[in-house]
1. Please verify whether segment 340-359 includes one or more residues that are over 29 Å from Met83 (Cα atoms), surrounded by fewer than 18 Cβ atoms within 10 Å (Cβ to Cβ) and among the acidic types (Asp, Glu).
2. State whether one or more residues within segment 187-200 are in a loop (DSSP other than H, G, I, E, B) and within 15 Å of the ligand (Cβ to nearest atom).
3. Could you check segment 271-294 and list, in sequence order, the residues that are part of a strand (DSSP E or B), open to solvent by 60 Å² or more (accessible area, probe 1.4 Å) and more than 30 Å from Met177 (Cα to Cα)?
4. Would you check if Asp337 is open to solvent by less than 50 Å² (accessible area, probe 1.4 Å), free of Cβ contacts under 8 Å to residues at least 24 places away in the same chain and in contact with a Lys or Arg (Cβ under 8 Å, 6 or more places away or on another chain)?
5. Across segment 206-223, which residue is surrounded by the most Cβ atoms within 10 Å (Cβ to Cβ) among those that are in contact with a strand residue (DSSP E or B) (Cβ under 7 Å, 6 or more places away or on another chain) and of a type in the set (A, V, I, L, M)?
6. Please return the ranges of helices (runs of 4 or more DSSP H) entirely within segment 61-153 where 2 or more residues are of a type in the set (S, T, N, Q).
7. Is it the case that some residue within segment 314-321 is of a type in the set (D, E, K, R) and within 17 Å of the chain's Cα centre (by Cα)?
8. Of all the residues that make up segment 257-270, how many are open to solvent by 80 Å² or more (accessible area, probe 1.4 Å) and in a loop (DSSP other than H, G, I, E, B)?
Amino acid sequence: MNNTKIRKGENMGEIGIGVIGCGGMGRNIVNRVLALSPRVKVRAICDPDARSIAKALEKWAPAPRVYEDHRELSAASDVDWVMIASWNCFHREQTIAALEAGKHVFCQKPLATTLDDCAAMLAAWRQSGRMFNIGFTLRYSPHYRRIKQLLDEGAVGQIVSMEFNETIGFNHGGYIMGDWRRLRQYAGTHLLEKCCHDVDLVNWMVGSRARRVASFGGLDFFKPENLRHMDRIGPDKNGRPAYQTWPGLVRLNPFTSDKDIVDNQVAILEYENGVRATFHTNCNAGLPERRMYILGTEGALRADLGEGAIQVQRIGFDTQCEDISTETDAKGHGGGDAVLSQELVDSMLEGKPPSVGMEEGARSAVTCFAIDDAMDQGRVIDVGPYWTRTGL
Ligand SMILES: NC(=O)c1ccc[n+]([C@@H]2O[C@H](COP(=O)([O-])OP(=O)(O)OC[C@H]3O[C@@H](n4cnc5c(N)ncnc54)[C@H](O)[C@@H]3O)[C@@H](O)[C@H]2O)c1
């Protein structure tokens with residue numbers, strides 16, 4: 001939905017950005033935006049970790065002002081856009097403060113860690129009339145855009161049911177379990193933090209909202225008794241231990257770390273338009289996948305982001321399986337980071353409304369809350385009241 005009012009003169013000259021959260025993803029997207037336009041300038045940054053501030057200052061010149069209070073950053077008159085890439089639990093207060101200061105916002109996924117936070121953010125955005133872009137990088141990847149286009153063109157007819165998964169390689173899993181993401185108070189659940197992308201993609205493909213969900217999950221591998229698997233695999237070619245090769249600021253041992261997220265989970269969803277879906281995640285995959293298998297009234301589509309593979313076959317006696325591969329860039333979320341950054345620059349310089357924003361962020365997060373409530377409470381959840389409470 002276009003909820004945008006552009007201020008007079010805003011599309012001319014330089015655009016100032018303020019960055020809240022200068023860790024890996026904050027720097028990644030800002031670096032890409034700066035490389036795309038010399039008119040975008042980082043004017044202000046805010047991060048409680050001196051190491052993140054130092055890394056940002058190494059790269060961004062002229063040196064931006066460093067703020068301790070995100071509210072002061074958002075209030076600065078030379079900041080037009082606030083870019084938020086802090087821990088998920090802070091997205092609510094930082095987004096609302098920026099919108100109330102009259103700034104446009106780019107906020108990383110997931111939207112927030114609670115339903116009340118999502119409802120408050122949605123209301124603040126509707127009130128503000130400013131642009132809001134959520135970091136659903138995969139939405140912008142050529143791979144998923146091609147799948148959506150094929151579905152819209154009727155490649156499988158009407159979708160009836162589907163499978164989707166995100167199974168995560170062992171080192172990536174180790175990173176999650178040794179990082180701030182291991183604690184629900186900072187990140188929300190594993191499903192929300194890691195798989196909100198996949199839930200968003202399915203919401204988009206199916207074109208509806210979840211009506212009922214059920215789920216089972218648990219922490220079964222990243223436990224002290226499985227520490228031996230680090231020795232079993234041994235170090236990588238640079239001498240770094242297995243399960244601890246991902247870069248990052250905090251490196252706890254993923255087997256002995258305190259944590260309250262699951263490392264494997266399955267879920268079933270029924271959408272309001274009748275489509276049914278199954279989901280699977282696991283953080284210790286020998287064969288990492290981000291796969292979809294979509295069955296429709298006239299055909300089937302099978303896809304995996306890792307290989308960029310898309311196969312379609314129409315139902316019939318003499319049909320062939322069509323192989324429709326896309327370019328895939330494993331380092332940039334399937335090429336999505338590059339396209340997202342270009343669209344951000346288009347929003348900043350030309351006022352182009354973001355193609356994915358607050359409502360998509362809230363729909364994905366709320367679906368995840370319902371699935372995790374189903375897992376935690378051991379029952380089928382009716383999602384209807386969740387939509388009402390959020391204001392969607
Ligand atoms: N779109 C994607 O595909 C994608 C990929 C990775 C991460 N993310 C999201 O980006 C965000 C950051 O993740 P990351 O991988 O960069 O983590 P990170 O640990 O590399 O960086 C997080 C940074 O936030 C800072 N921070 C923590 N609390 C803060 C606060 N109150 N105010 C300001 N800064 C604060 C930390 O000090 C750290 O520098 C998260 O929301 C995460 O879910 C999105």
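1. No, that holds for no residue.
2. Yes; the residues of segment 187-200 include at least one that is in a loop (DSSP other than H, G, I, E, B) and within 15 Å of the ligand (Cβ to nearest atom).
3. Once the filter is applied, which keeps residues that are part of a strand (DSSP E or B), open to solvent by 60 Å² or more (accessible area, probe 1.4 Å) and more than 30 Å from Met177 (Cα to Cα), segment 271-294 yields only Arg276.
4. It is false that Asp337 is open to solvent by less than 50 Å² (accessible area, probe 1.4 Å), free of Cβ contacts under 8 Å to residues at least 24 places away in the same chain and in contact with a Lys or Arg (Cβ under 8 Å, 6 or more places away or on another chain).
5. It comes out as Ala210.
6. 91-100, 115-128
7. Checked against the condition, which is being of a type in the set (D, E, K, R) and within 17 Å of the chain's Cα centre (by Cα), segment 314-321 yields no hits at all.
8. Result for segment 257-270: 1.
The values are calculated or read from the model by the stated rules, or taken from the named source; none is laboratory data. Small disclaimer: the values here were computed from a predicted structure and weren't measured. Cβ coordinates were reconstructed from backbone atoms using ideal geometry, including for glycine residues, and neighbour counts include every protein chain displayed. For the accessible areas, the whole protein counts, side chains as well, though only heavy atoms, and no ligand, DNA or RNA atoms are used. Shrake-Rupley method; radii C 1.70, N 1.55, O 1.52, S 1.80 Å.
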